[in-house]
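Everything on this sheet refers to the single structure shown next.
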Amino acid sequence: MGSWTEDDIPDLTGKQAVVTGANSGIGFYTALALAEHGANVMMACRDQKRSQKAFDEVSAAATGIVDMESLDLADLDSVAEFAVDLNDRFDGIDMLVNNAGVMGGPRRTTAQGFELQMGTNHLGHFALTARLWPLLTAVEDARVVSLSSIAAFRGTLNAQMTRQTLINPQPYEAFSVYSNTKQATLLFSQELYRRADAAGLSLVSVASHPGVSSTNLFNRQLRERHLGFLVPVADVMGRVAFMSARSGAHPSVRAATDTSVLSGEFVGPTAMRQMRGKPAVIKVYPSGRDHETAARLWQLSEEITDVQFAV
């Protein structure tokens, strides 16, 4: 397939999708695209009240069923409750898009006391995928899409990492930690691919990254740093310099729907050093390729979340 567009999305009627962080930005447009092409979409959002407008917009565009449930990835109890509900309601999941995330900001912790960025971006999604495993393996060729970032290229996780590396990094440098969380996402996607393949499962594990897209993550950082007065300027600059959030969702949507994208692959834009452009299969960054680091991350993630994968 050549230059991919939304016109290449197949008919998804009858397919069940779950999208985390579907209330805004990349997640919203991912959910919208899937719903517009017939999928039944579960919008997993931390704050249902604040997500109502997004839910109404996706529902209005959908030809399938759209649901919304509360999911706080920074609370492993919330992850467990969400997964129990879905395991009770659904027979299978065709597409799980692990999209939600936080970036930068002052040091904060999850409900279980873990550093917030790693706790949300990687550990929460790791636990969610494990708990939804029965539904994912009940469907032929189910897809797990893990949202990484260009920042993963600068990740420094290695096979000697410890539990503290993930849950209590010292010293805390916000953007270095963010890079590590997105490296972790890429490592997780690769290890999930290898384990599913070794087990003879048809499950497809693909990572994606949105390039540099105009979402609310940067504005949130400005507000957290008491620089909210710069948000209008950032909005204007973002519209000029960055891809739109809808375009930024295209790698995730392609990874979730394009059967020519194979398990273990990585989808992202290719123009301007991967900052923008059409989604295509790209090389996995060196930071995401090391098998020993991926295996160590998997081991620590199971220990920290107290959730075991059946693979």
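The values are calculated or read from the model by the stated rules, or taken from the named source; none is laboratory data. Just so it is clear, the structure is predicted and the values come from calculations on it, not from any experiment. Glycine gets a Cβ as well: all are built from the backbone with ideal geometry, and neighbour counts include every protein chain shown. Accessible surface areas use protein heavy atoms only, side chains included; no ligands, DNA or RNA. Shrake-Rupley method; radii C 1.70, N 1.55, O 1.52, S 1.80 Å.
Structure notes:
- Residues (over 19 Å from ALA83 (Cβ atoms) and either of a type in the set (S, T, N, Q) or surrounded by fewer than 23 Cβ atoms within 10 Å (Cβ to Cβ) (or both)) located in region 6-18: GLU6, ASP7, ASP8, ILE9, PRO10, ASP11, THR13, GLY14
- The lone criterion from (1) within 22 Å of LEU186 (Cα to Cα); (2) at pLDDT below 95 left unmet by ALA255 is number (2).
- Tabulated pairs, region 113-140, first closer than 19 Å to CYS45 by Cβ, second in a loop (DSSP other than H, G, I, E, B) and among the basic types (Lys, Arg), C-beta under 8 angstrom, 6+ apart or interchain: LEU116/ARG107; LEU116/ARG108
- Among the residues of region 70-86, those identified as of a type in the set (A, V, I, L, M) and either open to solvent by 30 Å² or more (accessible area, probe 1.4 Å) or in a helix (DSSP H, G or I) (or both) are LEU76, VAL79, ALA80, ALA83, VAL84, LEU86.
- Filtered residues of region 87-112 (kept if in a loop (DSSP other than H, G, I, E, B) and either closer than 14 Å to ASP306 by Cα or open to solvent by less than 10 Å² (accessible area, probe 1.4 Å) (or both)): ILE93, GLY104, GLY105, GLN112
- In region 33-52, the residues that are open to solvent by 10 Å² or more (accessible area, probe 1.4 Å) and without any contact (Cβ under 8 Å) to a residue 60 or more places away in the chain: GLU36, ASN40, ARG46, ASP47, GLN48, LYS49, ARG50, GLN52
- Single residue of region 120-163 satisfying the filter (within 13 Å of ALA184 (Cα to Cα) and among the polar types (S, T, N, Q)) that is surrounded by the most Cβ atoms within 10 Å (Cβ to Cβ): SER148
- Failed criterion for VAL79 (all others in (1) over 21 Å from LEU300 (Cβ atoms); (2) under 16 Å from the mean Cα position of the chain (by Cα) hold): (1)
- Criterion violated by GLY21 - all others in (1) crowded, with 17+ Cβ neighbours inside 10 Å; (2) more than 17 Å from the chain's Cα centre (by Cα) satisfied: (2)
- Members of region 285-299 that are buried (at least 18 other Cβ atoms within 10 Å of the Cβ) and either of a type in the set (A, V, I, L, M) or not in a helix (DSSP H, G or I) (or both): TYR285, ALA294, LEU297
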